[in-house]
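S.K.: My questions will all concern the structure given below.
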């Protein structure tokens, strides 16, 4: 069963990675998103402090995290790590968190010539979620 959409308003999208986490911001009213930045993910406390600053600044109604499934759709180690990250976001910030299949977003961002591939991937993840709610 699909998760109910978060309340109308601002959403933040995340492309989880062990080195960097791409972040995007979007709006349910316009069904559009834009890349925001990448957060250094190498230090646990540092990444959550940076994300907390962004959440405080944008005050999103919900958070969308990319779900990195294997090419065939199977669960892999990164899938488990992304789910753990999504649970941490929900626990820390208390806003609804949804996950979206993110297969091929990094490739699409690279092929599109993105300056910040991680942030652009987060935008693609967020826009995919917004389209699924329309």
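S.K.: Consider segment 29-52. How many of its residues are more than 23 Å from residue 124 (Cβ to Cβ) and assigned to a helix (DSSP H, G or I)?
M.R.: Total satisfying the criteria: 6.
S.K.: Next question. Just a yes or no: is a residue in segment 18-27 exposed (fewer than 15 other Cβ atoms within 10 Å of the Cβ) and under 18 Å from residue 117 (Cβ atoms)?
M.R.: Yes, some residue in segment 18-27 is exposed (fewer than 15 other Cβ atoms within 10 Å of the Cβ) and under 18 Å from residue 117 (Cβ atoms).
S.K.: Restricting to segment 63-102, what's the tally of residues that are assigned to a loop (DSSP other than H, G, I, E, B) and surrounded by fewer than 16 Cβ atoms within 10 Å (Cβ to Cβ)?
M.R.: Adding up the residues that qualify gives 8.
S.K.: Checking residue 56 against (1) closer than 23 Å to residue 117 by Cβ; (2) modelled with pLDDT of 95 or more, which single condition isn't satisfied?
M.R.: Condition (1) is where residue 56 drops out.
S.K.: Tell me which residues, restricted to segment 110-124, are assigned to a helix (DSSP H, G or I), in contact with a helix residue (DSSP H, G or I) (Cβ under 8 Å, 6 or more places away or on another chain) and surrounded by fewer than 24 Cβ atoms within 10 Å (Cβ to Cβ).
M.R.: The answer is 110, 117.
S.K.: Hey, another quick one. Which residue is farthest from residue 9 (Cα to Cα), if the candidates are limited to segment 32-55 and must be touching a residue at least 60 places away in the same chain (Cβ under 8 Å) and crowded, with 19+ Cβ neighbours inside 10 Å?
M.R.: Restricting to residues being touching a residue at least 60 places away in the same chain (Cβ under 8 Å) and crowded, with 19+ Cβ neighbours inside 10 Å, the top hit is 38.
The values are calculated or read from the model by the stated rules, or taken from the named source; none is laboratory data. Nothing here was measured: the structure is a model prediction, and the numbers come from that model. Note: ideal-geometry Cβ built from the backbone for every residue, glycine included; neighbour counts use all protein chains shown.
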